[in-house]
1. Exactly one of (1) without any contact (Cβ under 8 Å) to a residue 24 or more places away in the chain; (2) not in a loop (DSSP other than H, G, I, E, B) is unmet by R7. Its number?
2. Within the stretch 10-63, take every residue that is part of a loop (DSSP other than H, G, I, E, B) and aromatic (F, W, Y) and give me the one that is surrounded by the most Cβ atoms within 10 Å (Cβ to Cβ).
3. Applying the selection to the stretch 17-41, what residues are within 17 Å of K6 (Cβ to Cβ) and among the charged types (D, E, K, R)?
4. Please indicate, with yes or no, whether at least one residue in the stretch 98-105 is surrounded by 10 or more Cβ atoms within 10 Å (Cβ to Cβ), of a type in the set (D, E), at pLDDT 65 or above and under 44 Å from the mean Cα position of the chain (by Cα).
5. Which condition number does M1 fail, the rest of (1) modelled with pLDDT of 85 or more; (2) in a loop (DSSP other than H, G, I, E, B) being met?
6. If you go through the stretch 64-86, how many residues are in contact with a Leu (Cβ under 9 Å, 6 or more places away or on another chain) and assigned to a strand (DSSP E or B)?
7. Could you tell me whether any residue of the stretch 25-41 is farther than 21 Å from P9 by Cβ and not assigned by TED's automatic domain parsing to the domain that holds K6?
Amino acid sequence: MSDELKRCPFCGVEDQAEIMHDRYNYVYYVECQACNARSNADIDRNIAVNNWNTRPLEAAAIARAERAEAAWLIDETIQADGTLRPSLSDTLARLAQVEAALAAANEDAAALDAEVVALLGCMEPGRDYDEVAEKHEAHLARLQKLGACNPANSC
């Protein structure tokens, strides 16, 4: 076992803990030279070091954090039906595809609008289409009256 010692759990100072040997009682313990805190003593040097390095509250907090992280990971990666959720990179890639398709559809719609305006001639973006329809109907009625347009044919 290594003699690497953790920081003092009482004063928090690092590199001040030393392994001590009590020659009268034949035991080892670790002592902080900054605040004189001591570990439980033991006849085995490795157990004395382990006593100093063991932090039950710290270990419990780490274990609790690891369990919470594992639960979050499971919750974020496994759907209710047991299938895997898409990863964030997959979702972002799909979002980019959808945005590109939307931009292309918007361009197509603008091109179609321009084509309709060009075909009808009298329609312009932003113009009141009800007014245009009324004028178109009046124009058709006038052409029919003149005999230039047959309603069966498109004029």
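The values are calculated or read from the model by the stated rules, or taken from the named source; none is laboratory data. The structure presented is a predicted model; accordingly, all values stated were derived computationally and were not measured. Cβ sites come from the backbone with ideal geometry, for glycine too, and all protein chains shown count toward neighbours.
1. Looking at each condition in turn, R7 falls short on (2).
2. Residue satisfying both the conditions and the ranking: F10.
3. E18, E31, R38
4. Within the stretch 98-105 (the criterion being surrounded by 10 or more Cβ atoms within 10 Å (Cβ to Cβ), of a type in the set (D, E), at pLDDT 65 or above and under 44 Å from the mean Cα position of the chain (by Cα)), the answer is yes, since at least one residue qualifies.
5. (1)
6. 1
7. Here is the first cut: in the stretch 25-41, the residues farther than 21 Å from P9 by Cβ are 25-26.
Okay, now just the ones that are also not assigned by TED's automatic domain parsing to the domain that holds K6, so none.
Checked against the condition, which is being farther than 21 Å from P9 by Cβ and not assigned by TED's automatic domain parsing to the domain that holds K6, the stretch 25-41 yields no hits at all.
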